[in-house]
Amino acid sequence: MIGVGDMVLLEPLSEETFIGNLRKRFEHNEIYVSSILYFYSPSKFRSYLNFCTGLLSHSEVYALADEAYRSLRDQDKDQCILITGESGAGKTEASKLVMSYVAAVCGKGQEVNKVKEQLLQSNPVLEAFGNAKTVRNDNSSRFGKYMDIEFDFKGDPLGGVISNYLLEKSRVVKQPRGERNFHIFYQLLSGASEDTLKKLKLDRDFSKYNYLSLDSATVNGLDDAANFRTVRNAMQIVGFMEDELQSVMELVAAVLKLGNIEFKPESRVNGFDESRVKDKNDLKEMCELLGIEQSVLERAFSYRTVEAKMEKVSTTLNVAQAQTKSRKKVMGVLDIYGFEIFEDNSFEQFIINYCNEKLQQIFIELTLREEQEEYVREGIEWTNIEYFNNAIICDLIENNQNGILAMLDEECLRPGTVTDETFLDKLNTICAEHQHFESRLSKNSKFLTDHSLPHSCFRIQHYAGKVLYRVEGFVDKNNDLLYRDLSQAMYKANHSLMKLLFPEGNPAKVNLKRPPTAGFQFKASVGTLMKNLQTKNPNYIRCIKPNDKKASQVFTDSLVCHQVRYLGLMENVRVRRAGYAFRQAYEPCLERYKMLCKQTWPHWKGPAREGVEVLLKGLEVPEEEFAYGRSKIFIRNPRTLFFLEEKRRQCLEDLATLIQKIYRGWKCRTHFLLLKKSQVVVSAWYRRYAQQQKYKKIKSSSIVVQSFIRGWKARKILRELKYQKRCKEAVTTISAYWHGTQVRREYRKFFRANAGKKIYEFTIQKIMQKYFLGLKNTMPSMSPIDKTWPARPYLFLDGTHQELRRIFHLWRCKKYRSQFTEEKKAIYEEKLEASKIFKDKKALYPSSVGQPFKGDYLEINKNPKYQKLNSVMDEKVLLADVVNKINRANGKGAPRIFLLTKKKFVLADQKTGQVKASVPLPDLNSVSVSTQSDGFFALKLKEGTPSAAKGDFLLSSDRLIEIITKLHRTGAASAERETIGVDISDEFLVQFKQDKVCVKFIQAGPKNGNSVACKRKNNRLLEVSVPSP
């Protein structure tokens, strides 16, 4: 080992040997790139001061993380790891190593791996939005981060809670020379695709954005494009959805656009100045990104509303104002900004250094002061070691009456003119006598001639050194006000995140109470953090920076020495060397190690202290290695503790082996008994099965024997019966022949004359009997349309065969008709009538056969449209349909309603229902139709009748067959009238008033289409073109 790894073992111990040991290890590359780590745990002391390069194992960080994790898991003690040091000392890198180690040693499983991955991937996201390049560090955390990682009883992570402290918001609008804005702006412009930049209305050129400093836009060794891809992937793993990612990037783009908005002054009539946006292009694009109306945001930039009692007054802003800005185990990891001393230190550095003072104070209380007080309290012989207590500095800053933060809040809240100078005057008045406060304008005369102390500054002597603070901006930054008009304008945005970021802009929840100041909020946050840390067992990582040049292989003795001094490392090592590395109450100590001694295992019935004494005596631990306190046992050397732990581990292994042996014996016995029981059951079932099979075999054999015996007996009886039957048949046959012979002898003379005729008749009778029986079995179905009939067996039966077929068909038709209702019978009669009239005569007829004759197609009695027409009809309507009345002049049809009753037919207007013609059926002489597939028909009236005055009717209808059939049947049903004749011809005459016109039907060509057309050729001829079928 190079040098001494554990400073407690360094001999001799002095500041020179301490620094020399650090330098020796540094020169042999046992370092981090720019940091020195010192680890400390009060509960179980281990101390390391080690430099490592990152190429080597980070064993010291892992050792501390392992100790904290195992204490958490095994001893059920909440832990926290405090990582402190100057800016650029490597705190963030150390926190990453702690997180990666905890993730590596936890259990496995889908949910556990998901939680671990989310915990690890939270770092890139936080660094992108909270880290920036400074003059001291290329990846400086500009916020404080405290993460509580929650574990279950097994030690597997359940989740984490991250708290942040004091993000350096002023860096967004202004960065010191040589520094950059937050990483996310450069990563977005460098790594986003062209399509993404186009959607966000951004350009890849850094110089086009006022918020991005150009002198440090690029950093050596930092790939912003690759880091952007890493951040996007990390955000997805953490749980950001794609639309949420887009919303976050739109906000980042809007901030860049906001930096390009410039204001120009304008003078109003009343003499006040007001501001106006100079170039509205960036404002327009920003409003499009955020979903805000441009006029609303522009007014919020240029005006603010002041409320006084129940009145509101809107005032303009000048240019300067317009441009302002179940019980879970927990392990906490604190990575907070380091102590900062810049050339120009402002409010942010003051707050950061105050936080570091509080962390140093808790370190002092938990290590130096509390540990020494514990020795005295427990009655352990102890020589007090002096150390510097920074409580006086913390009191200077946070005292509720005379503290700097209290006076700053008081100055911000008081009425009247408030400036940074008035605040400094108050400090000079109240804090002048404080030994750690220095100001050139204070009452203390020793600083009047200190030219290193400007008039507008004050200096505080922190535990890490003196820091000069410029008072300019303290009041404004502490107020941290956002005008209500801007909050309300942002709340009106349609953007998904804006309402969440500006809840105070909700008009329904307007709060007139002044918001707390930034200093007050940070002080409260730090107080909460300190209370949280005090509830946990602390583990320390003290980061030391070897040089200010951000370079490797450079060791600055003075800088390292300064850090060692103000961190109190020498005092801490002395306390550890003189004190005890481990202490524990008697009860838990006895409970943990009682298995190492036969007298205390498994139960000790006396006092716990006596049990511990018996235990250590039985283990032969030297007396100088431990001491008995009033309530605790103290162990001096960690090696003794390691010895106890190793003995306990061996004992636990022996106990585990014994438990395994007993368990395996019980398991084997249980398994044997189960096998034995199963064997008995299997044997019983098998014997049962074997006996069943044997019984079935015997039974089967018995049945076979019985069947053979019965078969033999049956065959014997059958032979006897057959013999008897043959005997009877022989007797009968002989008797029949004998009787036949006698009869023939007696009646021979009577048979000779009529034998042929009787044989013929007998033969015919048998043939007819056979014919009718065969016909009975081969009769066709009862359907009238079934034309099948059995073939005749003999030629001489042909006439009889056909007559029987005719009689059977008539009979089954009668049977079929007997099933008809009167209504259906009437329909079939009409169909039969139509068949007699049109079958094989009219081409339209076959298509009408399958269509039932409905009659009233217009539902005259039900349709209110034809109520007027229905009232005119005094008889039952047999048929109601719409027909086309053909005009003689042009051959075109006009729709008419055709109504038929038993006495007349009526033609009425389809729209109005007005009766155009009413013709009694006796006046109708005949009906003329063509042979083709058209629907034209002519109703010819008798000459001399009143109805014939206007001439015949030439009509057209798709239901021609039904109309003419009903007309014919209605005329034939009356005895008083003559039958209406039906003339079927492709050319007939129609009487129109005094003239007769010939209607001629011709076959149309393919050019005329598929519709029937009627054209007037001359005054005496109408030509109807019918498409070919």
Q. Given Lys108/Lys133; Lys509/Lys536; Lys174/Lys201; Lys280/Lys492, which pairs have Cα atoms separated by over 27 Å?
A. Lys108/Lys133; Lys509/Lys536
**Q.** Estimated distance in nm for a label pair at Trp789 and Arg710, the labels positioned 7 Å out from Cα along Cα-to-Cβ
**A.** 5.8
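Given N residues in the range 518-640, what is Rg(Cα) / (2.2 N^0.38 Å)?
On the way: Rg = 21.9 Å, N = 123, 2.2 N^0.38 = 13.7 Å.
Working it through for the range 518-640, the quotient is 1.60.
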Q. When the helix-only estimate is applied to the chain (DSSP H runs of n ≥ 4, each -39,500 (n - 2.57), divided by the residue count), what is the mean residue ellipticity at 222 nm, nearest 500 deg cm²/dmol?
A. -15000 deg cm²/dmol
(Q) In the range 702-814, if the dipole is taken from +1 on Lys/Arg beta carbons and -1 on Asp/Glu beta carbons about the Cα centre, which of Gly799, Phe772, Ala714 is farthest to the positive end? (A) Ala714
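Per the Kirkwood definition applied to all pairs of different Cα atoms, how many angstroms is the hydrodynamic radius of the range 879-932?
Numbers: mean 1/r = 0.0812 Å⁻¹.
This gives a value of 12.3 Å.
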**Q.** Estimated translational D of the range 110-153 in µm²/s (Stokes, Kirkwood radius over Cα pairs; 10 °C; 1.306 mPa s)
**A.** 129
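Report, please, the projected area of the range 181-230 averaged over directions, based on the convex hull of its C-alpha atoms, in nm².
Details: hull surface 13.9 nm².
Taking a quarter of the hull surface, the average projection is 3.5 nm².
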Q) Taking a 32 Å limit on the Cα-Cα distance, which of the listed pairs Lys328/Lys545; Lys903/Lys1015; Lys841/Lys903 fall beyond it? A) Lys328/Lys545; Lys903/Lys1015
(Q) Give me, ordered by chain and number, the residues 5 or more places off Ile83 or on other chains with an amide H under 5 Å from its own placed amide H. (A) Leu334, Ile336, Ile541
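Past the 22 angstrom mark, what percentage of all C-alpha to C-alpha distances in the range 131-251 do you count?
Above the 22 Å cut-off, the range 131-251 has 45 percent of its Cα pairs.
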Q) Once you wrap a convex hull around the alpha carbon atoms of the range 624-732, what is its projected area averaged over all directions, in nm²? A) 15.8
Q | Whichever lysines have a C-alpha closer than 19 Å to that of Lys787, once near sequence neighbours (fewer than 8 apart) are set aside | A | Lys776, Lys814, Lys815
Q: First measure r as the distance between the Cβ atoms of Asp223 and Lys169, then evaluate 1/(1 + (r/R0)^6) with R0 = 25 Å and state the FRET efficiency to the nearest 0.05.
A: 0.40
Q. What whole-number value in cubic angstrom gives the convex hull volume per residue for the C-alpha atoms of the range 592-636?
A. 70
(Q) If the only charges are +1 at each Lys and Arg Cβ and -1 at each Asp and Glu Cβ, what is the size of the charge dipole of the range 614-678 around the Cα centre, to the nearest 20 debye? (A) 680
Q.
Taking amide H atoms as placed 1.01 Å from N in the peptide plane, list the residues 5 or more away in sequence, or in a different chain, whose amide H sits under 5 Å from that of Gly160.
A. Glu150
Q: Using only the alpha carbons of the range 333-378, determine the length spanned along each of the three principal axes and report them from longest to shortest in whole angstroms.
A: 48, 22, 12
Q.
How compact is the range 727-878 by the rule of thumb for globular proteins, expressed as Cα Rg over 2.2 N^0.38 Å?
A. 2.17
Q: For Ser456 paired with Glu822, estimate the spin-label separation in nm (one decimal), with each label point 7 Å from Cα along the Cα-to-Cβ line.
A: 12.0
(Q) Can you give the Rg/Rh ratio of the range 654-706, where Rg is from the C-alpha atoms and Rh is the Kirkwood radius? (A) 1.55
Q) Looking at this model, which pairs from Lys885/Lys942; Lys116/Lys257; Lys145/Lys426; Lys154/Lys523; Lys824/Lys862 are more than 26 angstrom apart at the alpha-carbon? A) Lys116/Lys257; Lys145/Lys426; Lys154/Lys523
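Treating only the Cβ of Lys, Arg, Asp and Glu as charged (+1, +1, -1, -1), what charge dipole size does the range 703-827 show about its Cα centre? Round to the nearest 20 debye.
Working: 29 positive and 9 negative charges, 136 e Å.
For this selection, approximately 660 debye.
Placing unit charges on C-beta atoms (Lys and Arg positive, Asp and Glu negative, everything else neutral), compute the dipole magnitude of the chain about its Cα centre in debye, rounded to 20.
Dipole of the chain, to the nearest 20 debye: 13560 debye.
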**Q.** Intensity falloff of the range 565-710 expressed as log10 I(q)/I(0), Debye formula with alpha-carbon point scatterers, at q = 0.13, 0.15, 0.21 Å⁻¹
**A.** -0.78, -0.89, -1.22
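Dividing the alpha-carbon Rg of the range 654-792 by 2.2 N^0.38 Å yields what?
On the way: Rg = 42.8 Å, N = 139, 2.2 N^0.38 = 14.3 Å.
Against the compact-globule rule of thumb, the ratio is 2.98.
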Q. Toward the positive end of the charge dipole of the chain, about the Cα centre and with charges on Cβ (Lys, Arg +1; Asp, Glu -1), which of Val927, Ile1002, Val680 goes farthest?
A. Val927
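Within the range 720-808, list the GluC sites (Glu not before Pro) lying in a DSSP loop whose Cβ has at most 11 other Cβ atoms in a 10 Å radius. Each step should come with its number before you reach the end.
On the way: sites: Glu720, Glu729, Glu746, Glu761, Glu803; in loops: none.
The qualifying sites: there are none.
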Q | Asp856 long-range amide H proximity, modeled H, under 5 Å | A | Ala880
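How large is the direction-averaged shadow of the alpha-carbon convex hull of the range 894-1029, in nm²? Write out the running numbers ahead of the final one.
Values: hull surface 35.0 nm².
Approximately 8.7 nm², given one-decimal rounding.
How much length, in nm to one decimal, is gained on full extension between Lys1015 and Tyr723, taken as 0.36 nm per residue of separation minus their Cα-Cα distance?
94.8 nm
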Q.
Can you tell me what percent of all Cα-Cα pairs in the range 928-999 are more than 15 Å apart?
A. 58
Q) Could you give the radius of gyration (one decimal) and Dmax (whole number) of the Cα atoms in the range 587-661, in Å? A) 12.6, 42
Q: For Cα Rg over 2.2 N^0.38 Å, several values are listed as (i) 1.08; (ii) 1.93; (iii) 1.17; flag the one computed from this structure.
A: (ii)
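Can you figure out the FRET efficiency of Glu587 with His28, using R₀ = 56 Å and their beta-carbon distance, to the nearest 0.05?
Working: r = 46 Å, r/R0 = 0.82.
E between Glu587 and His28, to the nearest 0.05, is 0.75.
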Q | Cβ-based charge dipole, the range 119-268, positive-most Cα from Asn227, Phe151, Leu189 | A | Leu189
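Just so you know, all these numbers are worked out from the coordinates, no wet-lab data involved. As the structure is a computational prediction, the values presented were derived from the model and not from experiment. No Cβ is skipped: glycine too gets one built from the backbone with ideal geometry, and neighbour counts run over all protein chains shown.
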